[in-house]
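Okay, structure first, notes after.
Values quoted throughout were computed directly from the atomic coordinates according to the rules given, and no laboratory measurement underlies them. In this text the structure is predicted, and so the values were computed from the model without any measurement. Reconstructed Cβ throughout: ideal geometry from the backbone, glycine too, with neighbour counts over all protein chains shown.
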Amino acid sequence: MTRWRYAAQTDIGLVRQSNQDALYVDERLAIIADGMGGHAAGEVAAALAIDLVRSTFRTTPSVEGLVDAVQTANRAVVEDARDTPEHFGMGTTVIAVALTTDREGIVAPTLVHVGDSRAYQLRDGALRQLTDDHSVAEEWVRMGRLTPAEAAVHPRRHQLTRGVGVEETIDIDVASLVVHPGDRLLLCSDGLSNELDEDTLARLASAPNGLELAVESLVASAKVAGGRDNISVILVEFDEANVTASPIHRTMTGAPPPAARTSSTPRRRRWVTWRLVAALVALGAVVAAFFGVVHWYAYSTYYLSSDGGVIAIYRGQPHGVLWYPPVKVAATGYLVNELRPGDAAALRSTIPEPSLTSALHYAYYLHNAWTLSQQVATSTSTTTTTSVSSGSTTTGGG
């Protein structure tokens, strides 16, 4: 039998106006969701994901049930954003560990992960990260374009390449965990992992003075370090642990498998040789590969451009590839004339992005940068006017 004890806490931090994190933990499931999206949409996405993962997994407490729970949450968030205009662009990360039951009846921990919330394993004071961030900066680290140190401060470290509610189907990282009695698992949103280094995380999370005090120390230390984001922490410690008889460690997609074709046509005598069949198969494979590569390249990226004076997001190459034109996938609602001059010029040349999530985030960044520049300009103008008025005042002499 696998059993754990747990403690959890979420905090708004020192900068944010609201808490868009949500969490839940009980004797069988621990989950954190870090929402994103304006007008409180991030809170909606996170809460919806938590509720659906919890209820769906409770019905089917297996690996398949856990993965299906995340897919169910993804579809629900997508549909809510589609039906509610003010929720456009919302999404959430999901990091969860559940005690799943395999076909042999063994209960063991399974990890599922989408986004940049993290899971760590602690054993004898040593910390090991169990998840890879699904962010632009971390993808570039894996491609060799950035070092880990560069990624830690890169402006696109918060732009996700995967998120619940962002697209119709998502890829979910799934892994069976091997734990020993006394091991601890730390689940957290990036409001903790961005503020504290791994040595500090290991020291505080493995402290022997109880799980509740360890969690409180982690949250308090993140706030002392800056508290620039919402902070959510779940810490579980295993009293007993089993290993599943059917371990899994792979990425699972929500795309439905292709339907198998059947035919009731009677067999007829074939008047072709196996050499002709082999040649036709080879030719077909080459043609299919060509079309597949062209289609993949044509729609492998996204870009921002202007559409009637509004920032729009397109999927594909700016000028198209052969018979594959770019496809408009979203209109952000941000006006082009509300951009800084340099940003507007860059938009005219199109701005490439690796995913729809990063494109939405960058559009928000461009508009927000313009808004801040206007506030600075207004403040500077007010200060200058006040200074001039004060300098023109004279006092009469006797």
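Coupling constants for region 91-104 follow from the phi torsions by the Karplus curve (6.51 cos²θ - 1.76 cosθ + 1.60, θ = phi - 60°), and in residue order they are x, 7, 7, 9, 10, 8, 10, 10, 8, 9, 9, 8, 5, 8 Hz; glycine and proline get x.
The ranking of Leu14, Leu177, Leu218 by Cβ neighbour count inside 10 Å, starting from the fewest, reads Leu14, Leu177, Leu218. Which whole-number percent is the relative contact order of the chain (Cα, under 8 Å, 6+ apart)? It rounds to 16 percent for the chain. The charge dipole of the chain, taken about its Cα centre with unit charges on the Cβ of Lys, Arg, Asp and Glu (plus for the first two, minus for the last two), comes to roughly 1900 debye.
Judged by the mean number of other Cβ atoms found within 10 Å, the most tightly packed of the peptides 293-301, 189-197 leads the ranking 189-197, 293-301. The calculated P(r) of region 156-218, using every Cα pair and 10 Å bins from 0, goes 16, 37, 32, 15, 1 in percent. Derived scalar couplings between HN and Hα for region 303-312 equal 8, 9, 8, 8, 9, x, x, 10, 5, 10 Hz in order, rounded to whole Hz, by the Karplus curve 6.51 cos²θ - 1.76 cosθ + 1.60 (θ = phi - 60°), x for Gly and Pro.
Please quote Rg/Rh for region 302-383 to two decimal places, taking the Kirkwood radius as Rh and restricting both calculations to Cα atoms.
Answer for region 302-383: 1.07.
Computed from backbone phi with θ = phi - 60° and the Karplus coefficients 6.51, -1.76 and 1.60, the 3J(HN,Hα) list for region 326-343 is x, 10, 6, 10, 6, 10, 6, x, 8, 7, 5, 6, 10, 10, 5, x, x, 5 Hz; x is used for glycine and proline. For region 50-83 versus region 139-159, the inter-centroid distance based on Cα atoms is 30 Å. Once you have a ≥ b ≥ c as the square roots of the Cα gyration tensor eigenvalues for region 3-253, tell me rounded if a/c is under 1.5, and otherwise prolate or oblate according to whether a/b is larger than b/c. Verdict is rounded for region 3-253.
Counting other beta carbons within 10 Å of each Cβ, put Phe88, Phe57 in order, fewest first.
On the way: Phe88 17, Phe57 25.
With the fewest neighbours first, Phe88, Phe57 line up as Phe88, Phe57.
Report the residue, chosen from Ser217, Ser381, Ser135, that carries the largest GNM mean-square fluctuation when the chain is represented by alpha-carbon nodes joined by springs under 10 Å. The residue with the greatest mean-square fluctuation here is Ser381.
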